[in-house]
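Working notes for the structure below.
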Amino acid sequence: MMGTRLKVLRVFRDLHRTRRDVFKDDGIALTAARLKINEEFKRNKNEASEENIKEMLKMARSVETILRESVVQVEHVTENRVLLRPRESLLLENVPYSDSPRKKT
């Protein structure tokens with residue numbers, strides 16, 4: 001049981017670290033994510049079934065991965081413009097970008 005407790009604490013900590021990185025400089029999103037993470041862990045804190053705990057840990061890891069790899073901050077600058085703020089970890093090397101689609105050959 002102690003090993004499971006440590007795994008739960010580790011994924012809880014990792015989710016909060018990812019939340020801080022992903023929603024950096026966005027107080028509203030940081031607060032909303034913090035409340036949601038804490039709410040979900042509190043709601044399930046009395047779970048005793050090892051099997052259910054393992055499933056919840058798997059789900060939490062999936063959520064953390066999705067946040068880390070798929071969420072990008074976007075800020076509305078004007079009515080028709082947005083500012084994309086990708087994290088360094090999301091940027092790919094040597095990937096050309098073009099506003100116009102390539103012609104198929």
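The values are calculated or read from the model by the stated rules, or taken from the named source; none is laboratory data. Quick caveat, the model's predicted, so the values are computed rather than measured. Every residue, glycine as well, gets a Cβ built from its backbone with ideal geometry; the counts of neighbours run over all protein chains shown. Surface accessibility is based on the protein's heavy atoms, side chains included, excluding ligands, DNA and RNA. Shrake-Rupley method; radii C 1.70, N 1.55, O 1.52, S 1.80 Å.
Going by the conditions given, is A60 without any contact (Cβ under 8 Å) to a residue 12 or more places away in the chain and surrounded by 12 or more Cβ atoms within 10 Å (Cβ to Cβ)?
So A60 fails the test.
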The number of residues in region 17-57 that are surrounded by 15 or more Cβ atoms within 10 Å (Cβ to Cβ) and either within 16 Å of R68 (Cα to Cα) or not β-branched (V, I, T) (or both) is 13
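Please determine whether any residue of region 78-90 is surrounded by 10 or more Cβ atoms within 10 Å (Cβ to Cβ) and part of a helix (DSSP H, G or I).
For region 78-90, residues surrounded by 10 or more Cβ atoms within 10 Å (Cβ to Cβ) and part of a helix (DSSP H, G or I): present.
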In region 2-13, anything touching a residue at least 24 places away in the same chain (Cβ under 8 Å) and open to solvent by 30 Å² or more (accessible area, probe 1.4 Å) is listed as K7, V8, F12
key: Residue check for S98: modelled with pLDDT under 85, among the polar types (S, T, N, Q) and in a loop (DSSP other than H, G, I, E, B)   = yes
Cβ pairs under 8 Å, 6+ apart or interchain, first in region 19-43 and farther than 25 Å from L91 by Cα, second open to solvent by 60 Å² or more (accessible area, probe 1.4 Å), ordered by first then second residue, are I37/F12; F41/F12
Restricted to region 45-77 and to residues being within 23 Å of R34 (Cα to Cα), modelled with pLDDT of 90 or more and in a loop (DSSP other than H, G, I, E, B), the residue nearest to the chain's Cα centre (by Cα) is K45
In region 36-49, is there at least one residue being at negative phi and in contact with a Ser or Thr (Cβ under 8 Å, 6 or more places away or on another chain)? no
Those residues of region 64-77 which are free of Cβ contacts under 8 Å to residues at least 40 places away in the same chain, surrounded by 10 or more Cβ atoms within 10 Å (Cβ to Cβ) and β-branched (V, I, T) amount to T65, I66, V72, V74
